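Before any comments, here is the structure.
The values are calculated or read from the model by the stated rules, or taken from the named source; none is laboratory data. Every value quoted in this text rests on a predicted model; they were computed, and no experiment measured them. A quick note on method: Cβ atoms are made from the backbone with ideal geometry, for glycine too, and the neighbour counts reach across all protein chains shown. With ligands, DNA and RNA removed, areas are computed over all heavy atoms of the protein, side chains included. Shrake-Rupley method; radii C 1.70, N 1.55, O 1.52, S 1.80 Å.
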Amino acid sequence: MTIKKIIISLSMTAIVSFIPTLTTTIVKADTVNQVGVQYQAQVQNIGWQKSVSNGAEAGTDGKSLRVETLKLNLLNAPTGAKIDYQTHVQSIGWQNAVEDGAEAGTVGKSLRVEAIKISLKNLPGYSVQYRVHVQHIGWMDWVSDGQVAGTTGKSLRVEAVEIKLVKISDNTTVGVQYQGHVQNVGWQEPVQNGQIAGTEGQSLRVEALKIGLLNAPAGAKINYQTHVQSIGWQPPVSDNAEGGTDGKSLRVEAIKIALENLPGYSVQYRAHVQNIGWQPWVSNGQEAGTDGKSLRIEAIEVRIVKTTDGSTPTPVQFINNVSSISLNKTTDTLTVGNTDNLTATIAPTNAANKSVTWKSSNISVATVDNTGKVTAVGAGTATITATTADGSKTANCTVTVNNKKGYVYNQELQIDLKVRSAPSLNGSVVGTLYNYQQIDILDTVTDSSGNKWDKFVYKNGTAYIADAYVSDAYIQRYTSPPDNVVNVASNITKTFEVKNSSQVTGNFDGTGLSLGYLQWCIGQDTLQPLLNRMDREHNAEMKSIFGANYTALHNMILDTPANQLKWAKSINDSSNNIIEPWHTQFTNLCNNQDFKNIESDAQVYTVKQAMLICDKYNLKTVRGFVLAFDIATQNGGITSDASKIIDAAVQKNPDITEKNLLGVIANAVADTSTINKDDVRARELAIVNGKGIVHGSTLNLDANYGLSDTSWR
């Protein structure tokens, strides 16, 4: 006999379910003539009947008489073999098990037997099978080897019983040999084919097992896996390798056994468990013992049986320990107050314990709950660590938390926002903020008069600015994709708007005057704040650039929107070109570095408008943000008419992909545009498709501008 030691990994979904009720159609076996069973019943109104044997009926059938007592004996059994039996009796419940001719039940008390359990000891190669005739039910299915026959809790009498021994192995074909390492005993001598390994009634734990096949063909293996105290499921082993532990005083709590490359055979096994006793037989990868109840296995019996049709049980994949853990993100960027969910993936998929614990390295920056939900607390960096239940594997995500972002949005262009040293109108003024200047907000506080103040980072320290002591907030909150994503959007839209041409445009689209690389314009009230900031922050430069025209420009900035648009149209010629010297002066303004810096700040307004579109339609990719940014620049946003078209498409196809949704958005915006429909469609579809012809130029946006379908959130 050659025992090969090979560990296998088989499909968990392929565990074959073992049918608890064994009949002669499940196990190929013949009723034996040599070894048999004899039994006798005491019946209501009759008393003790004559003994019967080997499947004959003891009791009565159809007379409504209860069985009150039973005696069982083996016939022609080898020395040491025993038959154990136990009865469930009216008003008593399960009695203690007895053996070999002892009475089970009651005599002279008129109490019915309601159920029985029968098992064999020290009789390898045989199974005891039995069935009972029950009040109102009739003959029940055959069961075997310690399983319950009858009913409990239903007050139904057993009226008759049939018992037989079945030969399931003759030890001339394939068999199994196994030995247990037992508490205070050590390694026992090997036993075979249904014999007991371990102990009964001594409260001693099995600590390890070795199992091997006998007379098996080449390539056949027996694989087994033990669930051990404080460890859980160990890796599976094969063919006499040790399952469990030796010398660590740890109990084996459960076991699974399966055959490999042995067609026509099945492995059956059962465990004697602390506080439970012998469990029913299971087979082919099912669990014997208990998992998670801290109960020791005290003994085990294993046998190999032939299957009726010669089939092979489906291969079994045993439960494995965790081999790795990974997170859906290794880096994450959040704003104070925001949350995100980290997801841990455990390998292999059939790991015994997939539970994970979470921990943050700096809870003042970010916290994490037991589901992986991360909450941003304060600016800084924290490492979120997920650890497997056994503590052997970890995965990390580095979380960067930024302060809340805000920018100045002051519609009262003649008033500068005063930066103060304290959250009070009486606090000393330490500086001024201008339109579109961006700040990192640390906190929001309320003064004694109920006015709200934003505490923010200012000149390497902190300061306060009034947030809303009038009806409109001066500091607008916003969120933004990473800078590299915003730069892709900005560069593409700049190409659409001005490319290499002049950044000064006249009244071609009814907005009077457009200026800069994103064509901020008078008609949409987006240019006035930039001109106002330049005038107030860099007044000398403005006077130098515009000379005699400065006063007219200054007065326009502070006028009403209607008059502002009227003025802008007045500096256009009949072809809607800006007249001189205004055109040259505005060109010089666009080339001024301080104005370029103001433009860069003002881009945040477009970012915010784009984010409103992204949030409404759950756009997550770079392409989605770029489209939203360009729509915000060219159209100011998505109109209600366009929204109706988009919403109808989403309602019709709720599973629409983002890429297809972007096509719907682009066409809806173009179809509902009041001017330049073809121009709108060309540039928006160029973004959707990654390339196209815009204003006569062939553009490859994916290849040359970094446009992609990569998700940024």
Looking at GLN476, GLN414, GLN438, can you tell me which residue is polar (S, T, N, Q), touching a Gly at 6+ places or on another chain (Cβ under 9 Å) and open to solvent by 60 Å² or more (accessible area, probe 1.4 Å)? GLN438
Note on the stretch 75-101: residues out of contact with any Lys or Arg (no Cβ under 7 Å at 6 or more places or on another chain), farther than 15 Å from THR151 by Cα and open to solvent by 30 Å² or more (accessible area, probe 1.4 Å) are LEU75, ASN76, ALA77, PRO78, THR79, GLY80, ASN96, ALA97, VAL98
Within the set of pairs 6+ apart or on separate chains, which have a first residue in the stretch 578-605 that is touching a residue at least 40 places away in the same chain (Cβ under 8 Å), a second that is open to solvent by less than 40 Å² (accessible area, probe 1.4 Å) and among the basic types (Lys, Arg), and C-beta atoms under 6 Å apart? ILE598/ARG533
Cβ-Cβ under 7 Å, sequence separation 6+ or interchain: first residue in the stretch 242-266 and closer than 26 Å to ILE276 by Cβ, partner open to solvent by less than 40 Å² (accessible area, probe 1.4 Å) and charged (D, E, K, R). Which pairs? GLY244/GLU207; THR245/GLU207; ASP246/GLU207; LEU250/GLU207; ARG251/GLU207; VAL252/GLU207
Could you check, for the stretch 610-619, whether at least one of its residues is open to solvent by 10 Å² or more (accessible area, probe 1.4 Å) and not in a helix (DSSP H, G or I)? yes
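So, of the residues in the stretch 450-467 that are open to solvent by 40 Å² or more (accessible area, probe 1.4 Å) and either without any contact (Cβ under 8 Å) to a residue 24 or more places away in the chain or in a strand (DSSP E or B) (or both), which turns out to be nearest to GLY380 (Cα to Cα)?
Taking the stretch 450-467 as the starting set, the residues that turn out to be open to solvent by 40 Å² or more (accessible area, probe 1.4 Å) are 450, 452, 455, 457, 459-460, 462.
Add one more test, that the residue is either without any contact (Cβ under 8 Å) to a residue 24 or more places away in the chain or in a strand (DSSP E or B) (or both), and what stays is 450, 452, 455, 457, 460, 462.
On the way: GLY450: 31, LYS452: 25, LYS455: 17, VAL457: 14, ASN460: 16, THR462: 17 Å.
Filtering first and then ranking leaves VAL457.
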Could you say whether any residue in the stretch 38-55 is charged (D, E, K, R) and assigned to a strand (DSSP E or B)? no
Restricting attention to the stretch 509-526, does a residue exist that is touching a residue at least 12 places away in the same chain (Cβ under 8 Å) and acidic (Asp, Glu)? yes
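Looking at the stretch 84-106, which of the residues that are of a type in the set (A, V, I, L, M, F, W, C) and closer than 17 Å to GLY201 by Cβ is nearest to the chain's Cα centre (by Cα)?
Taking the stretch 84-106 first, the residues of a type in the set (A, V, I, L, M, F, W, C) are 89, 92, 94, 97-98, 102, 104.
Now restrict to residues that are closer than 17 Å to GLY201 by Cβ: 94, 97-98, 102.
Details: TRP94: 46, ALA97: 49, VAL98: 52, ALA102: 58 Å.
Here the residue is TRP94.
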Can you list the helices (runs of 4 or more DSSP H) found entirely within the stretch 629-707 that contain at least 1 residues being over 23 Å from VAL486 (Cβ atoms)? 640-652, 658-671, 677-689
Filter pass, LYS71 being surrounded by 14 or more Cβ atoms within 10 Å (Cβ to Cβ) and either touching a Gly at 6+ places or on another chain (Cβ under 7 Å) or on the phi > 0 side of the Ramachandran plot (or both): yes
Inter-residue pairs, beta-carbon under 6 Å, first surrounded by fewer than 18 Cβ atoms within 10 Å (Cβ to Cβ) and in the stretch 666-679, second at pLDDT 90 or above, 6+ apart: LYS677/ALA670
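Scan the stretch 165-184 for residues that are part of a strand (DSSP E or B) and either modelled with pLDDT under 90 or buried (at least 20 other Cβ atoms within 10 Å of the Cβ) (or both) and jot them down.
Here is the first cut: in the stretch 165-184, the residues part of a strand (DSSP E or B) are 165-167, 175-182.
Hits for the stretch 165-184 are LEU165, VAL166, LYS167, GLY175, VAL176, GLN177, TYR178, GLY180, HIS181, VAL182.
Looking at the stretch 208-220, can you tell me whether even one residue there is part of a strand (DSSP E or B), touching a residue at least 24 places away in the same chain (Cβ under 8 Å), of a type in the set (A, V, I, L, M, F, W, C) and open to solvent by 10 Å² or more (accessible area, probe 1.4 Å)? Can you show your working first?
Filtering the stretch 208-220 down to residues part of a strand (DSSP E or B) leaves 208-214.
Within this subset, residues satisfying the condition of being touching a residue at least 24 places away in the same chain (Cβ under 8 Å) are 208-214.
Now restrict to residues that are of a type in the set (A, V, I, L, M, F, W, C): 208-209, 211, 213-214.
Of the ones still in play, those that are also open to solvent by 10 Å² or more (accessible area, probe 1.4 Å) are 214.
Checked against the condition, which is being part of a strand (DSSP E or B), touching a residue at least 24 places away in the same chain (Cβ under 8 Å), of a type in the set (A, V, I, L, M, F, W, C) and open to solvent by 10 Å² or more (accessible area, probe 1.4 Å), the stretch 208-220 yields at least one hit.
Quick one: in the stretch 325-342, which of the residues that are part of a strand (DSSP E or B), β-branched (Val, Ile, Thr) and more than 15 Å from PRO482 (Cβ to Cβ) is least open to solvent (accessible area, probe 1.4 Å)? Quick ask: steps written out before the conclusion?
First, pick out the residues of the stretch 325-342 that are part of a strand (DSSP E or B): 325-327, 331-335, 339-341.
Restricting the remaining residues to those that are β-branched (Val, Ile, Thr) gives 325, 331, 333, 335, 339.
Okay, now just the ones that are also more than 15 Å from PRO482 (Cβ to Cβ), so 325, 339.
Values: ILE325: 19, THR339: 71 Å².
Result: ILE325.
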Of the criteria (1) open to solvent by less than 60 Å² (accessible area, probe 1.4 Å); (2) closer than 14 Å to TYR39 by Cα, which one ARG66 fails: (2)
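Which residue out of THR493, THR511, THR446 is β-branched (Val, Ile, Thr) and open to solvent by 30 Å² or more (accessible area, probe 1.4 Å)?
Exactly one residue qualifies, and that residue is THR446.
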Looking only at the stretch 377-402, filter to residues that are more than 21 Å from the chain's Cα centre (by Cα) and crowded, with 20+ Cβ neighbours inside 10 Å; which one of those is modelled with the highest pLDDT? ALA382
